[in-house]
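S.K.: First the structure, then my questions, so here it is.
Nothing in this text is a laboratory measurement; each read-out follows from the coordinates by a stated rule. As the structure is a prediction and not an experimental result, all values here were calculated from the model. Cβ coordinates were reconstructed from backbone atoms using ideal geometry, including for glycine residues, and neighbour counts include every protein chain displayed.
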Amino acid sequence: MRRKWLRNPNTVGVAGGTCVGDFTAYFAPETLTQTLRRANPPVTVPFITVQNFSSENPTLKERKPYLTFAKWAEVYGPIYSIRLGSTSMVVLNSTEIAKEALVTKFSSISTRKLSNALTTITSNKALVSTCDYGEYHKMVKKYVISGVLGANAQKRNLHHRNTMIENVVSKLSAKINDEDCSLVELREPFQSELFQLALKQSLGNAVDSIYVEELGQTILKKEMLEILVLDPLIGVIEVDWRDFFPYLRWIPNKSMEMKIQRTAKRKTAVTKALINLQKERIGRGEEISCYLDYLLSEETTLTEDQFIALIWEAIVESSDTTMVVTEWAMYEIAKNPTKQDRLYQEIRKVCGMKKITEEHLPYLQYLNAAFHETLRLHPPVPIIPPRHVHEDTQLGGYNIPAGTDITINLYACNMDKKDWDEPEKWKPERFLSDKYEPMDMHKTMAFGGGKRVCAGSLQAMLISCRTIGRLIQEFEWKLKDGEEDNIDTLGLTTHKLHPMQAQIRPRSSCGLVENLLL
């Protein structure tokens, strides 16, 4: 029997407007005649008409869609449809419905829907994290797990992580002067050492500089970080108004195109130069266990563009997400002296006078709880990139026809008062109760879920938890005066806009013994 999408006045819809970058997208009322319908529909949602972003409209003035969408969910419910330009999108703001989309109905919603900027930066969806689910995705996910992010690869790279974490501690120690406390920024030394680790895991060596023929210049390591990590991350959140008006794609948007193309060209050129340098090493018979060597040994069917994209993905993903969650965790710990002391006492009880190692992590329950609570409150990617529904399905009791775009507002899911007690507060203790299970990836969903669960979740946990533990072992942390208000984030992400500044004091119980496993 042919299914009919009946017109019904009792439908869910939202009307409003928001601004991303310099582009204003008006959310027109979406009658869910052919988009969203329920057998017993709820009360009709009133329209919201917003014409500008004056002080009278503080919700939209924030220019952070994940915050706006979360506030709308409090009024219109966990699932609603919005119209952006000529396209419409269903927004999911509930853990239960998001889990249904990611796991139960995955086969109907497995296609990625990327912006123009993200498509360009990712070499036309060539990355594990951005490609559509299918044979290519299965192949490259196997590569990244076996070559760099899986359990066996993590064992091979343990010495690199040990070196990285101790280097961060040493750099912070070097900033301590004769005064009672010293003011430091965690981001610069941690980000720099993470980038070193990413280069070693991916390419075998972390060079200090490299000549890039396509750019005609020598690139130093600090500029490599900008070209390979920082600039692309800023670029992918650029908004092209043609994403919202597909029928106007023929109209040029030169400034946007030139900016994104330049970013993509530079990161590809530098990645290619690094690959060629390491191929010369391999040609001399100098084999190093790394992702590049693994890919070359697999005799893959990858094109050159795909090969370069996968190496770049391993670099950028090892350099960014872990930095974001670790910085936020240290911010929250430094802000809460009682919780900091509880964490320190747990570490002393488990580790004694030995430096914390990865073998200690399963026994440090409060440390793990602090990590998961930070992921909940400060998810590195607050909105999961849109997916395209390629066959009729249902979500939350609503009919979702093929052709619909869906996005998951992870921030709203993790701030849902139905699932979380006092969700606006950082409370690691919540993950120590029977009600919450830290390893349930669907609870905070920071690493996605189902067949598309993030391959880098193990590495992120190992690096972040161990780094936090070592920093608490070595130093007492206190936020700089006024730092509690430093919570602004960058664009569509939860990256701290300004690096965290804190006062640190060496622990009186320093003089920790090196563990023989290091």
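S.K.: What are the GluC sites (Glu not before Pro) within the stretch 158-203 that DSSP puts in a loop, where the Cβ has at most 15 other Cβ atoms within 10 Å?
M.R.: Values: sites: Glu166, Glu179, Glu185, Glu193; in loops: Glu179.
Those satisfying the criteria are Glu179.
S.K.: List Ile400, Ile219 from most exposed to least, where exposure is judged by having the fewest other Cβ atoms within 10 Å.
M.R.: The most exposed by this proxy come first: Ile219, Ile400.
S.K.: If you don't mind, there's one more thing I want to ask. Across all directions of projection, what mean area in square nanometres is found for the Cα convex hull of the stretch 317-426?
M.R.: 9.6
S.K.: Now for a different question. Return the tail of the calculated pair distribution for the stretch 295-349, meaning the percent of Cα-Cα pairs more than 19 Å apart.
M.R.: Of all Cα-Cα pairs in the stretch 295-349, 56 percent lie more than 19 Å apart.
S.K.: Please report, to one decimal in angstroms, the Kirkwood hydrodynamic radius of the stretch 324-387 built from all distinct Cα-Cα pairs.
M.R.: Roughly 13.0 Å, rounded to one decimal.
S.K.: Here's a follow-up. Could you put Trp312, Trp72 in order, starting from the residue whose Cβ has the fewest other Cβ atoms within 10 Å?
M.R.: Listing Trp312, Trp72 from fewest to most nearby Cβ atoms yields Trp72, Trp312.
S.K.: With the Cα gyration tensor of the stretch 163-242 in hand, give its eigenvalues times 5 under a square root as the equivalent ellipsoid semi-axes, listed largest first in whole angstrom.
M.R.: Working from the Cα gyration tensor, I get semi-axes of 29, 19, 12 Å.
S.K.: Amide H of Thr489 versus every other amide H placed in the peptide plane: which residues, excluding those fewer than 5 positions away on the same chain, fall under 5 Å?
M.R.: Residues meeting the criterion, in which the H sits 1.01 Å from N, are Leu497.
S.K.: Return the inverse of the average 1/r over all pairs of distinct C-alpha atoms in the stretch 83-181, which is the Kirkwood hydrodynamic radius, in Å to one decimal.
M.R.: 18.0
S.K.: So for Arg387, Arg284, fewest C-beta neighbours within 10 Å to most, what's the order?
M.R.: Arg284, Arg387
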